[in-house]
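Nothing in this text is a laboratory measurement; each read-out follows from the coordinates by a stated rule. Remember, predicted model here, so these are calculated numbers, not experimental data. Every residue, glycine among them, receives a Cβ derived from its backbone with ideal geometry; neighbour counts consider all protein chains shown.
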Amino acid sequence: MPTRSPRAVVVDDSRFMRELISDVLRDGGVTVVAEASDGHEAVAAVTRHRPDVVTMDVEMPRMNGIDAVERIMDEQPTPVLMLSAYTEDGADVTFEALDKGAVDFFAKPGGEVSMGVTRQKAQLVEKVKSVATADLSRRTRSRSRTAQTATPSGTAARTTETASYVDNPTLVIGSSTGGPGAVETVLSELPLAADFRVLVVQHMPDAFTGRFADRLDARSEYDVREATDGARIGGGEVLVANGGTNTLVSHYNRGRMRVKLTEDDFDKGVQPSVDVTMESVARKVDDPVVGVILTGMGGDGADGIEALSRAGAYTVAESEESAVIYGMPKRAVETGCIDSVEHLDDVAADVLEHVREGN
């Protein structure tokens with residue numbers, strides 16, 4: 001039975017851009033039910049048409065995209081895809097939109113925007129269709145569950161500081177759509193006492209991964225930075241894979257890790273690739289390893305989880321209950337190589353339990 005075409009509202013203050021984006025989406029099998037020129041019109045259109053997805057520009061008169069996202073999430077929660085400038089400033093406002101409830105973003109390339117959208121129309125359609133499947137109620141249930149535990153962010157991590165952990169553990173986290181907030185949730189609950197070397201692979205372009213690393217650094221006890229070619233990390237440090245390249249572990253010895261960056265996509269079709277990083281960890285790291293797959297569309301990470309499992313690593317997938325997009329975790333579970341399936345709020349605790357001495 002064919003899947004129903006997702007219904008979209010397109011929001012942009014430029015009439016030309018609205019028509020261009022709408023044409024691209026219609027050509028890709030998305031039904032555009034309304035267009036809006038500012039945030040006020042966007043909120044009204046969402047209330048009236050109840051679409052499956054909204055594409056949202058950022059800078060608009062009367063009400064900008066950030067405020068519109070907040071209103072939509074308060075009044076008629078609907079998956080929103082932000083259309084962001086491919087710049088560091090664009091990254092800042094994009095993360096603000098994600099904080100307000102947007103599911104994901106599409107980074108418009110530099111130069112002539114209309115040409116960029118046309119060149120990347122397949123990617124835009126794929127993003128819109130992916131975001132349209134997001135289950136916002138899972139995010140709401142996760143936040144409600146966290147509040148009910150009455151433990152402020154970081155408290156659970158701090159209570160484990162007196163625990164004893166295995167030497168030189170490595171943690172590899174892979175995620176995509178809906179991932180930035182999920183990665184932040186996990187890292188914010190890891191105590192420095194666990195002494196992880198952490199590699200984070202989040203599907204994200206290179207103009208955004210540096211800002212993402214900065215955000216994680218501010219919200220975690222760990223020292224977080226964007227990966228660079230030849231970078232070294234030890235315990236208590238995190239590298240975020242650089243967008244547009246693949247990050248591989250090139251050397252590992254007694255808890256010290258070195259990475260290299262390559263533009264080779266290894267026929268994975270995505271950069272950075274979770275598979276590529278996890279497979280390199282499986283080859284190089286001979287101390288305890290934990291691999292985690294969080295929310296995201298597609299199957300990236302499944303091959304990596306298999307490689308880690310064969311090498312003796314402990315593997316975790318986020319549960320369908322909490323994943324905004326249960327694509328990557330589902331594919332990982334289907335490999336038969338996942339040791340534990342956990343609600344997002346419990347992932348960090350499960351990881352810590354595995355590396356605690358005596359377990």
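Side notes on the structure shown:
- Working from Cα pairs under 8 Å separated by at least six residues, relative contact order for the chain is 13 percent.
- Mean Cβ count within 10 Å, highest first, over the residues of peptides 286-294, 119-127, 173-181: 173-181, 286-294, 119-127
- Near the amide H of residue 301, within less than 5 Å, lie the amide hydrogens of 274, 275, all on another chain or at least 5 residues away, with H placed in the peptide plane.
- 5 angstrom amide H check on residue 226, placed H, neighbours 5+ away: 240
- Applied to region 238-249, the Karplus parametrisation 6.51 cos²θ - 1.76 cosθ + 1.60 on θ = phi - 60° returns per-residue 3J(HN,Hα) values of 10, 10, 9, 4, 6, x, x, 9, 10, 9, 10, 7 Hz, with x for Gly and Pro.
- Computed extension length for residue 163-residue 334: 58.2 nm, one decimal, from 0.36 nm per residue of separation with the Cα-Cα distance subtracted.
- Extended-chain gain in nm, criterion 0.36 nm per residue less alpha-carbon gap, residue 14 and residue 321: 106.7 nm
- With each label modelled as a point 7 angstrom along the Cα→C-beta vector, the residue 5-residue 76 pair spans 2.0 nm.
- Sparse-neighbourhood loop sites, trypsin sites (Lys or Arg not before Pro) in region 225-316 - DSSP loop, at most 12 other Cβ within 10 angstrom: 254
- Normalised by the number of residues in region 7-134, the average gap of Cα pairs under 8 Å and 6 or more apart makes the relative contact order 24 percent.
- Top of 37, 273, 130 by mean-square fluctuation, Gaussian network on the chain, Cα under 10 Å: 37
- Range of Cα positions in the chain per principal axis (Å), largest first: 61, 45, 43
- Projected label distance in nm at residue 286 and residue 192, using a 7 Å step from Cα toward the beta-carbon: 3.0 nm
- Spin-label pair residue 206-residue 250: with each label point 7 Å from Cα along the Cα-Cβ axis, the two points sit 1.6 nm from one another.
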